[in-house]
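Chemist: Take this structure first; my questions come after.
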């Protein structure tokens, strides 16, 4: 594998700097060497890696280092640009723990394997070229390729008199590459370090974000040594659907024993009073200038570390009004966007049910948003009819009418009862109909279930990602509101006829 030009230039610069400016310590007595090797992590970094850690550490650096390394706990570190998270946790910490013979097998992950290998290479540069490390840790030998190498240390007994770990392996993986089944002697991978896993382009694609999350949870975690594995992912905020926002939500969930399902560490550039958390490197005036130069949107993502995107029509805080139980007497409607595409990457079908109280407040009841078969779509329609008894089910007929009507008639005959369906031919622009919901949500006129179904979670994500990604769910939600009273005044739509749901026990009488 050939290094990128940028990495080749960076590694040559580091090697030249090490050879030009770093020298072994003057006191090379056994006691002095042992004392330096036993230093706490941050002190060790400043002794052995002053070419990286010239500025004094801030308080948050110690907190960030302490946040990682918990056994069997996926840990996500979200820190502002320039905070030193990659140098500290993807370079110095693996180097420190390797030289202390604590980890037999590291795996690195990034968007592509080359990036992971380059991040890993910075550790190898220190092992092969740092004069202070070479003097205090003699006999180091690195062998292997850019993507798969190991370092061997001389035989040595630990404090208990046992032979200490002698060799440590490093291996690089890109998203989609499976580390399952990997072994280094008797060891499975012990620690995972993920960095450069996503970028702005990936974060704009909900499907790729899901693939990234699935890779971490379905491929990386199961490949690690059970019970003792450590998992550290580094990054910044890219938006409401990004990896770190998912991790933040996951950290609120608990297993049956009450332990969080993930750990989330967040460090913005400023404290609660708007002051720099690392004034030795970022002055208050300097941060103010950065904010002015890059704009509010980039500031929120890279320095304030919030998923809020001021350019998006729908904001995360608008989805915070949650209900535990529903009020009585809701006016319930549903709407189906049948999406006739059969392609695996085509638009999903979307069915949404919404209720409205006497004040016009909307209650999102359920959503089914999948690339399901026509039969699954019909099954969902009849299930919604049984569960929510909507007075009306709107079905968009633009393009999908020829498919849906005969299929629905067949199902109605087989079930022995009809659905209160109204076919709708939209002439207004889809974006206009969806964006009309924004002021209602911003004003707190929408309520969301405290324990949302998978479909409702997808609906929320589609709203937050809008106008990027798929919009079938928001489109169906907008279709529901066309059959509901005004969100601002309550009551039935002016001039609208009053509809009553036909229950199955009443159907025979109607016939």
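The values are calculated or read from the model by the stated rules, or taken from the named source; none is laboratory data. Given the structure is predicted, the values throughout are model-derived calculations rather than measurements. In this analysis, Cβ positions are derived from the backbone assuming ideal geometry, glycine residues included, and neighbour counts consider all displayed protein chains.
Chemist: Please indicate, with yes or no, whether at least one residue in the stretch 283-302 is touching a residue at least 60 places away in the same chain (Cβ under 8 Å) and part of a loop (DSSP other than H, G, I, E, B).
Modeler: no
Chemist: Read through the list (1) surrounded by fewer than 16 Cβ atoms within 10 Å (Cβ to Cβ); (2) in a loop (DSSP other than H, G, I, E, B); (3) in contact with a helix residue (DSSP H, G or I) (Cβ under 9 Å, 6 or more places away or on another chain), then give the number of the only condition that residue 398 fails.
Modeler: Checking residue 398 against (1) surrounded by fewer than 16 Cβ atoms within 10 Å (Cβ to Cβ); (2) in a loop (DSSP other than H, G, I, E, B); (3) in contact with a helix residue (DSSP H, G or I) (Cβ under 9 Å, 6 or more places away or on another chain), the one that fails is (3).
Chemist: Let me ask you something else. Closer than 23 Å to residue 49 by Cβ and modelled with pLDDT under 95, is that true of residue 99?
Modeler: Spelling it out, it is not the case that residue 99 is closer than 23 Å to residue 49 by Cβ and modelled with pLDDT under 95.
Chemist: Inspect the stretch 200-223 for any residue being surrounded by fewer than 20 Cβ atoms within 10 Å (Cβ to Cβ), in a loop (DSSP other than H, G, I, E, B) and touching a strand residue (DSSP E or B) at 6+ places or on another chain (Cβ under 6 Å) and give the result as yes or no.
Modeler: Scanning the stretch 200-223, I find no residue that is surrounded by fewer than 20 Cβ atoms within 10 Å (Cβ to Cβ), in a loop (DSSP other than H, G, I, E, B) and touching a strand residue (DSSP E or B) at 6+ places or on another chain (Cβ under 6 Å), so the answer is no.
Chemist: If you take just the strands (runs of 3 or more DSSP E) that sit entirely in the stretch 93-182, which of them hold at least 1 residues that are surrounded by 19 or more Cβ atoms within 10 Å (Cβ to Cβ) and assigned by TED's automatic domain parsing to the domain that holds residue 64? Can you show your working first?
Modeler: On the way: elements: 105-110, 141-144, 148-152, 167-174.
Here the list reads 105-110, 148-152, 167-174.
Chemist: If the requirement is being surrounded by fewer than 16 Cβ atoms within 10 Å (Cβ to Cβ), out of contact with any strand residue (DSSP E or B) (no Cβ under 9 Å at 6 or more places or on another chain), under 30 Å from residue 240 (Cα atoms) and in the same structural domain as residue 367 (by TED's automatic domain parsing), which of these qualifies: 414, 432, 453?
Modeler: 432
Chemist: Between a residue in the stretch 1-24 that is free of Cβ contacts under 8 Å to residues at least 24 places away in the same chain and any residue that is exposed (fewer than 13 other Cβ atoms within 10 Å of the Cβ) and assigned to a helix (DSSP H, G or I), which pairs come within a Cβ distance under 6 Å, given they are 6 or more apart or on different chains?
Modeler: Listed by first residue and then by second, the contacts come to nothing, as the list is empty.
Chemist: Which count do you get for residues in the stretch 31-65 that are touching a residue at least 24 places away in the same chain (Cβ under 8 Å) and more than 20 Å from residue 85 (Cα to Cα)?
Modeler: Summing the residues that are touching a residue at least 24 places away in the same chain (Cβ under 8 Å) and more than 20 Å from residue 85 (Cα to Cα) in the stretch 31-65 gives 3.
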